[in-house]
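Trainee: Following this message is one structure expressed as structure tokens.
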Amino acid sequence: MKGTMISLAEVRRKRRNTLVISVMLIGILAAFLISMNTGVIRMSPLDVVKTLLGFGTAQQHLVLFDFRLPRIIISILIGMGLAVSGAVLQALTRNALADPGIIGINSGAGMVILLYVAFYSSPTAAPAYLLPILAWLGGGVAALLVFIISYRKHKGLSSNRLVLNGVAISSGFSAVTILVSLRINPEQYQFVSTWLAGSIWSKDWSYVTALLPFIVVLLPFVYFKSQTINVLNLGAPLATGLGAAVAKQQIWLLAAAVGLASSCVAVSGSIGFVGLIAPHLARRLVGQRYQILLPATALAGGLLVLVADTLGRWILQPSEIPTGIVVAVIGAPYFLYLMFRTKG
């Protein structure tokens with residue numbers, strides 16, 4: 001009887017998870033079609049579908065395939081990368097407030113990108129394929145500094161210290177970024193302002209192909225480690241008792257989280273809170289098991305950034321609100337809520 005009840009509960013859980021994933025996929029598809037129709041040049045959903053199938057006009061083909069489609073794909077990839085990075089960091093630190101932006105990865109990656117761009121007469125002169133690699137190096141240095149400062153011998157990693165030190169390191173990198181911005185020409189300064197606001201400035205296919213390898217390689221790698229993440233989420237002492245090579249696995253997963261966040265920052269600028277909101281939303285919907293939590297988190301992040309980017313392009317047409325600002329309007333109140341709940 002008890003086994004039957006467990007089986008029924010498992011079946012209900014699987015059905016609910018399948019429903020959640022299906023709803024998120026439908027949401028992304030709906031947001032995709034709406035985003036395709038959002039812009040100065042209006043196109044009906046039927047025109048969008050016809051153009052995607054190759055039956056649109058030359059102007060419609062140009063608008064969709066050269067301008068809107070790359071931006072939409074980048075938005076989804078960025079959302080997935082930042083969200084999964086946040087989920088991994090929350091598991092490694094066992095801190096509900098851990099996020100690539102909060103612990104300094106975004107600012108470290110961004111500082112290196114902006115230092116590199118400062119040596120060019122135009123931001124677009126920087127090779128697209130080099131930006132994610134440079135961002136990974138900057139984000140890695142920031143994460144390494146935060147983890148070294150937060151680690152205590154015989155006590156391990158302090159979650160509270162990690163968040164506080166992350167904020168301090170992030171502020172330091174941001175200060176250097178601002179200092180650099182004061183010594184560049186007006187064109188580069190405009191790029192810096194756009195980047196700091198979290199605008200998806202990389203809107204052509206070269207940036208899609210530059211970001212795609214990081215997402216295609218690192219997301220499956222993290223999912224492959226989902227069972228390991230479940231064990232690490234129990235805490236280092238218990239994970240060690242269960243036979244996990246804690247230090248080695250933490251290094252691999254931290255490198256993957258830094259790679260995901262940094263590569264996304266390289267093509268999107270400083271978009272915060274995605275790595276904080278998406279994992280919490282997915283956790284409430286599908287539970288704590290990372291085998292299902294990671295896919296749900298990726299879809300929630302992709303949907304969040306795509307919707308935010310679409311709203312940013314729609315609210316003040318023909319002007320745009322940077323995607324990072326729209327996400328921050330949603331994420332800041334939720335971050336404060338988590339702070340008070342965690343404190344209590």
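Trainee: Can you give me the C-alpha center-to-center distance between region 45-111 and region 179-215, rounded to a whole angstrom?
Mentor: Taking the Cα centre of region 179-215 as reference, the centre of region 45-111 is 14 Å away.
Trainee: Using a 7 Å offset from the Cα along the Cα-to-Cβ direction at both Leu212 and Arg161, what is the distance between the two label points in nm, to one decimal?
Mentor: For Leu212 paired with Arg161, the spin-label model returns 4.4 nm.
Trainee: Over the chain, with a Gaussian network built from C-alpha contacts below 10 Å, which listed residue (Gly287, Gly302, Gly110) shows the highest mean-square fluctuation?
Mentor: Top of the fluctuation ranking is Gly287.
Trainee: Can you check how the C-alpha radius of gyration of region 63-122 compares to 2.2 N^0.38 Å, as a plain ratio?
Mentor: Computed over Cα atoms of region 63-122, the ratio equals 1.48.
Trainee: Can I ask one more? Measuring from the lowest to the highest alpha carbon on each principal axis, how far does the chain reach, largest first, in angstroms?
Mentor: Here the spans come out as 63, 55, 35 Å, largest first.
Trainee: Please give the charge dipole size of the chain, origin at the Cα centre, charges +1 on K and R Cβ atoms and -1 on D and E Cβ atoms. Round to the nearest 20 debye.
Mentor: 1460 debye
Trainee: Considering the dipole of the chain built from charges on the beta carbon (Lys and Arg +1, Asp and Glu -1) around the Cα centre, which of Ile21, Gly140, Leu219 is farthest to its positive end?
Mentor: Going by the Cα projections, it comes out as Ile21.
Trainee: With runs of 4+ DSSP H residues as the only contributors, calculate the mean residue ellipticity of the chain at 222 nm using -39,500 (n - 2.57) per run, divided by the residue total and rounded to the nearest 500.
Mentor: Values: 15 runs with 255 residues, N = 344.
One gets -25000 deg cm²/dmol as the mean residue ellipticity at 222 nm.
Trainee: Give the Rg (one decimal place) followed by the Dmax (whole number) of region 265-344, computed from C-alpha coordinates and expressed in Å.
Mentor: Looking at region 265-344, its Cα Rg and Dmax stand at 13.9, 45 Å.
Trainee: Which FRET efficiency value, to the nearest 0.05, is calculated for Ser7 and Arg94 with the Förster distance at 25 angstrom and r the Cβ-Cβ distance?
Mentor: 0.20
Trainee: Loop by DSSP (not H, G, I, E, B), at most 12 other beta-carbon atoms within 10 Å: where is the longest site-free stretch of the chain for trypsin sites (Lys or Arg not before Pro)?
Mentor: Counting at most 12 other Cβ atoms within 10 Å as exposed, the longest clean stretch of the chain is 184-344.
Trainee: Over the chain, average the accessible area per residue using a 1.4 Å probe and give it in Å², no decimals.
Mentor: Per-residue value: 48 Å².
Trainee: Suppose R0 equals 22 Å; then what is the FRET efficiency for Tyr334 and Ser171 from their Cβ-Cβ distance, rounded to the nearest 0.05?
Mentor: The pair Tyr334/Ser171 has a calculated efficiency of 0.55.
Trainee: Then there's this: What longest region of the chain stays clear of chymotrypsin sites (Phe, Trp or Tyr not before Pro) that DSSP places outside H, G, I, E and B and that have at most 16 other Cβ atoms within 10 Å?
Mentor: Here the longest segment lacking exposed loop sites spans 130-344.
Trainee: FRET efficiency for Gln59 and Arg152, Cβ-Cβ distance as r, R0 = 45 Å, nearest 0.05? If you can, show how the numbers build up before the last one.
Mentor: On the way: r = 62 Å, r/R0 = 1.37.
Plugging the Cβ-Cβ distance into 1/(1 + (r/R0)^6) gives 0.15.
The values are calculated or read from the model by the stated rules, or taken from the named source; none is laboratory data. Please read these numbers as outputs of a predicted model, since none were measured by experiment. Glycine also receives a Cβ, built like all others from the backbone with ideal geometry; neighbour counts cover every protein chain displayed. Side chains included, ligands, DNA and RNA excluded: accessible areas come from the protein's heavy atoms. Shrake-Rupley method; radii C 1.70, N 1.55, O 1.52, S 1.80 Å.
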